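Asks: This is the structure I want to talk about, given as structure tokens.
The values are calculated or read from the model by the stated rules, or taken from the named source; none is laboratory data. All values reported here derive from a predicted model rather than from experimental measurement. All Cβ positions, even for glycine, are placed from backbone atoms using ideal geometry, and neighbour counts span all protein chains on display.
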């Protein structure tokens, strides 16, 4: 009898390994393709020439090498931001037990963006590029919105669509405040407008480091919370009976989610729907909520953002904002998901 028991575990491990390897391979293929496409219009031979110069350590004086370097920075930031958004979306959906939750839809990203704008408006525009301010401002804005969402959640209860509509209303209000601020001082806030609108277009090593730091802190914490998290998903009473501190678990998930969203906004502005997509795409490949699912969600998020950015800089000579591309696909999916959630209820 004992010789039969390990078989299911071995099958699960093989399945997990195959799913992760396949998803990682898709991400690698997409990133490889992305290097060859962009508004600059380089031919494949010119891209390869630029790559050879970079790999060989030659001076970066040629336009080909410079453009390839910018594309690689952009792709690298896209992978990190996508992974971070995917994890943030999973944590929000888990904490609120709401499959419609997303930092963009609920206004967390909007609050982070508004905070950065206020910092610039208060005469700190020269320090916005510094790492401490770049992290502290969106984090403060995101946490303030989180506090509002917790109050709304307590009043609404388990009505998924009502919670989503409340979050959307909050998001629209924050965007309206942002627009008012921008219209009052466009001379000061012009860089903020470009930063929030163009997504990965201003990719830099500093931005990558900020997002990577958020992931380095968040991922081990999330992995350590997987056992209480699974109990939490069943319900508060069930989790408490197993000794899980429900309040601490919920707050931990939400704070980590906001930290990730804040680093994403700091590095790339507001990027919508990737956090909504990623957990649902991962759920198509595995039904279990475990460490494999967390990694898979991050890989899905990275793939979604890189593909979205590839489309954004390939469909036109003048680049289309990443958020526009993701919204084009995300809005219909949100409508379908809302209808599906209502039927379940």
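Asks: So residue 22 ticks every box in (1) closer than 20 Å to residue 316 by Cβ; (2) at pLDDT 95 or above but one. Which box is left unticked?
Replies: Only one criterion in (1) closer than 20 Å to residue 316 by Cβ; (2) at pLDDT 95 or above is unmet by residue 22, namely (1).
Asks: Does region 311-320 contain any residue that is in a helix (DSSP H, G or I) and modelled with pLDDT under 95?
Replies: yes
Asks: Conditions: (1) in contact with a helix residue (DSSP H, G or I) (Cβ under 6 Å, 6 or more places away or on another chain); (2) under 29 Å from residue 157 (Cα atoms); (3) surrounded by 15 or more Cβ atoms within 10 Å (Cβ to Cβ); (4) touching a residue at least 12 places away in the same chain (Cβ under 8 Å). Residue 223 meets all but one. Number of the miss?
Replies: (3)
For every residue, the table says whether it meets (1) more than 11 Å from the chain's Cα centre (by Cα); (2) under 21 Å from residue 138 (Cβ atoms).
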residue	(1), (2)
258	no, yes
263	no, yes
268	no, yes
277	no, no
287	yes, no
297	no, no
311	yes, no
316	yes, no
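Asks: Considering only region 209-250, how many residues are under 24 Å from the mean Cα position of the chain (by Cα) and outside any helix (DSSP H, G or I)?
Replies: Total meeting the criteria: 1.
Asks: Against the definition (surrounded by fewer than 23 Cβ atoms within 10 Å (Cβ to Cβ) and in contact with a helix residue (DSSP H, G or I) (Cβ under 9 Å, 6 or more places away or on another chain)), how does residue 204 come out, yes or no?
Replies: yes
Asks: May I ask you to say which residue of 139, 122 is assigned to a helix (DSSP H, G or I), over 25 Å from residue 230 (Cα atoms) and free of Cβ contacts under 8 Å to residues at least 40 places away in the same chain?
Replies: Checking each option against the conditions leaves just 122.
Asks: Are any residues in region 260-292 in a helix (DSSP H, G or I), in contact (Cβ under 8 Å) with a residue 40 or more places away in the chain and surrounded by fewer than 24 Cβ atoms within 10 Å (Cβ to Cβ), and if so, which ones?
Replies: Scanning region 260-292 gives 280, 291, 292.
Asks: Looking only at region 299-309, count every residue that is under 22 Å from residue 36 (Cβ atoms) and within 12 Å of the chain's Cα centre (by Cα) and tell me the total.
Replies: 6
Asks: Specify the residue that is nearest to residue 270 (Cα to Cα); the eligible residues are those in region 321-337 that are part of a helix (DSSP H, G or I) and touching a residue at least 60 places away in the same chain (Cβ under 8 Å).
Replies: Of everything passing the filter in region 321-337, 323 is nearest to residue 270 (Cα to Cα).
Asks: Further question: In region 34-68, how many residues are loosely packed, with under 13 Cβ neighbours inside 10 Å and either under 30 Å from the mean Cα position of the chain (by Cα) or in a helix (DSSP H, G or I) (or both)?
Replies: Number of matching residues: 5.
Asks: Please work out which residue is surrounded by the fewest Cβ atoms within 10 Å (Cβ to Cβ), limiting yourself to region 241-259 and to residues that are without any contact (Cβ under 8 Å) to a residue 40 or more places away in the chain and touching a helix residue (DSSP H, G or I) at 6+ places or on another chain (Cβ under 6 Å).
Replies: Here the residue is 242.
Asks: Any residue at all in region 95-111 that's under 14 Å from residue 268 (Cα atoms), over 16 Å from the mean Cα position of the chain (by Cα) and touching a residue at least 24 places away in the same chain (Cβ under 8 Å)?
Replies: Checked region 95-111: no residue is under 14 Å from residue 268 (Cα atoms), over 16 Å from the mean Cα position of the chain (by Cα) and touching a residue at least 24 places away in the same chain (Cβ under 8 Å).
Asks: So, one more: One residue is enough: does region 172-191 have a residue meeting the conditions at pLDDT below 85, over 27 Å from residue 204 (Cα atoms), under 23 Å from the mean Cα position of the chain (by Cα) and not in a loop (DSSP other than H, G, I, E, B)?
Replies: Checking region 172-191: not a single residue is at pLDDT below 85, over 27 Å from residue 204 (Cα atoms), under 23 Å from the mean Cα position of the chain (by Cα) and not in a loop (DSSP other than H, G, I, E, B).
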